[in-house]
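Worksheet for the structure shown next.
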Amino acid sequence: MVARMISWMWRPRLLRMLFSQARLASRLVREPRVPLLTKMVLLLGALYLVSPLDLVPDIFPVFGEIDDLTIVLMALAAFLKLCPAGAVAFHRRSGKGARTALCHRLTRSSTPSGGVLSDRHSVGWRRLDWHSRPALF
């Protein structure tokens, strides 16, 4: 019974990891440091997903879809392995930073002082308009 509960607890973590890997792959596809042949691995996985030829036909209800999902996940894992380590590390760091910045902005926007404008004023930014410009003469 305990093992069954633990396996249910891992599923959200597994989905979260899958979405983060897919987000990382979408960033790396646009990265110019990643070779074109490496990007073709993802394209081949997507082509297998939409092609009518399968290892296990889709006539079998569960096994056909599991076959497609397995090939796509293997293509995603191979793509991430073949990408340059520097590019992967950079986009992993920037993805975490963007996620924490979004969470911070969402929590700050619920404040009664106005959210993003209060962040700008607390940092010291000010709105430039005609009255705050210095005189030219």
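For segment 20-34, filtered to residues that are in contact (Cβ under 8 Å) with a residue 12 or more places away in the chain and part of a loop (DSSP other than H, G, I, E, B), the residue that is surrounded by the fewest Cβ atoms within 10 Å (Cβ to Cβ) is Arg33. Is it the case that Arg92 is at pLDDT 85 or above and either in contact with a Gly (Cβ under 9 Å, 6 or more places away or on another chain) or charged (D, E, K, R) (or both)? Yes: the conditions hold for Arg92.
Entry remark, segment 39-77: residues being free of Cβ contacts under 8 Å to residues at least 12 places away in the same chain and of a type in the set (Asp, Glu) number 2 in total. Would you call Gly114 modelled with pLDDT under 85 and touching a Leu at 6+ places or on another chain (Cβ under 9 Å)? Judged against the criteria, Gly114 is not a match.
The values are calculated or read from the model by the stated rules, or taken from the named source; none is laboratory data. As the structure is a computational prediction, the values presented were derived from the model and not from experiment. With ideal geometry, Cβ positions are generated from the backbone for all residues, glycine too; neighbour counts draw on all protein chains shown.
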